[in-house]
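Novice: Got a structure for you, written out below as structure tokens; questions coming shortly.
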Amino acid sequence: MLEALTKVLGWLRSASKQIGEEYMMLPVAGSDPQYRERVYCYELYHQLKCHWDSSFGFSICGEIDKRGHAYVRGKYLDNIKPDFLIHQPGKMDSTSNLLVIEVKPATANEEEMRKDLRKLTALRRDLTNGHGAPANYNYGVFWIYGLPVERWPEVRSRIFHEDTLDIDTGLIRCLIHERPGKAVTEACWQ
């Protein structure tokens, strides 16, 4: 699984470098440019698909609605739509669910970020959720775009200022995409 993750992370680094300014900060008529998570995610998906090896054993899917899913439910998992899943659709074992990614703009508030981190933690843990099968995602990524890396310690501090009992950063990697033309970089939780 680590080899597959390394491949996907390489494609994500390459894809992130291709995202233009208009996708990171959407121009808005009569207003200043704005961060729009869906616009950014659609472009990231497009750029990632351009790098994707069609013989790779996993698919990338965006915003799969998990409402009513037989296994993905319970605390922090009800009514979720992960931004990206790298998986083998139709399977739920540990060899078919490689990676789940949640994306947030630099302007997201801390509660929105905590919500995504709780979701990622829950999807990563070997949970049975009382329903007999675990979620089984091998890796989780919390992806922030538009944030200068030097501001990460301040944002991280605000995220963890509140109760974060149900967040396990040992299960989640943090990637920051600072600006257009620059590849995403990994950030530390400490």
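Novice: Within the stretch 156-190, can you find the residues that are among the charged types (D, E, K, R), within 23 Å of Leu123 (Cβ to Cβ) and in a helix (DSSP H, G or I)?
Specialist: Arg156
Novice: Taking into account only those residues within the stretch 11-37 that are exposed (fewer than 12 other Cβ atoms within 10 Å of the Cβ) and on the phi < 0 side of the Ramachandran plot, which is nearest to the chain's Cα centre (by Cα)?
Specialist: Gly20
Novice: Taking Asp166 as meeting all but one of (1) buried (at least 18 other Cβ atoms within 10 Å of the Cβ); (2) in contact with a Leu (Cβ under 9 Å, 6 or more places away or on another chain), write down the number of the exception.
Specialist: In the conditions (1) buried (at least 18 other Cβ atoms within 10 Å of the Cβ); (2) in contact with a Leu (Cβ under 9 Å, 6 or more places away or on another chain), Asp166 misses (1) alone.
Novice: Kindly provide the set of residues from the stretch 88-112 that are modelled with pLDDT under 90 and within 15 Å of the chain's Cα centre (by Cα), ordered by number.
Specialist: Asn97
Novice: Within the stretch 18-52, track down each residue that is closer than 15 Å to Leu147 by Cα, part of a helix (DSSP H, G or I) and not aromatic (Phe, Trp, Tyr).
Specialist: Matches in the stretch 18-52: Glu21, Met24, Glu37.
Novice: Among Ala122, Ala108, which is surrounded by 15 or more Cβ atoms within 10 Å (Cβ to Cβ) and either free of Cβ contacts under 8 Å to residues at least 40 places away in the same chain or in contact with a strand residue (DSSP E or B) (Cβ under 9 Å, 6 or more places away or on another chain) (or both)?
Specialist: Numbers: Ala122 fails: either free of Cβ contacts under 8 Å to residues at least 40 places away in the same chain or in contact with a strand residue (DSSP E or B) (Cβ under 9 Å, 6 or more places away or on another chain) (or both).
When all the criteria are applied, what remains is Ala108.
Novice: Could you check Leu85 against (1) surrounded by 21 or more Cβ atoms within 10 Å (Cβ to Cβ); (2) over 18 Å from Phe56 (Cα atoms); (3) modelled with pLDDT under 95 and say which number it fails?
Specialist: Status for Leu85: all satisfied but (2).
Novice: Do the conditions hold for Pro153, that is, is it at pLDDT 95 or above, over 17 Å from the mean Cα position of the chain (by Cα) and not in a helix (DSSP H, G or I)?
Specialist: Values: at pLDDT 95 or above: yes; over 17 Å from the mean Cα position of the chain (by Cα): yes; not in a helix (DSSP H, G or I): no.
No: the conditions fail for Pro153.
Per-residue answers, yes or no, for (1) under 24 Å from Ser55 (Cα atoms); (2) free of Cβ contacts under 8 Å to residues at least 60 places away in the same chain; (3) of a type in the set (Phe, Trp, Tyr):
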site: Ala4; (1), (2), (3): yes, no, no
site: Val8; (1), (2), (3): yes, no, no
site: Lys17; (1), (2), (3): yes, no, no
site: Gly20; (1), (2), (3): no, no, no
site: Pro27; (1), (2), (3): no, yes, no
site: Tyr35; (1), (2), (3): no, no, yes
site: Cys41; (1), (2), (3): yes, no, no
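Novice: If His161 meets every condition in (1) without any contact (Cβ under 8 Å) to a residue 40 or more places away in the chain; (2) exposed (fewer than 14 other Cβ atoms within 10 Å of the Cβ) apart from one, which number is that one?
Specialist: Unmet condition: (1).
The values are calculated or read from the model by the stated rules, or taken from the named source; none is laboratory data. The structure displayed is predicted, hence computed values, not measured ones. Because the Cβ atoms are built from the backbone with ideal geometry, glycine has one as well, and the counts that use them run over all protein chains shown.
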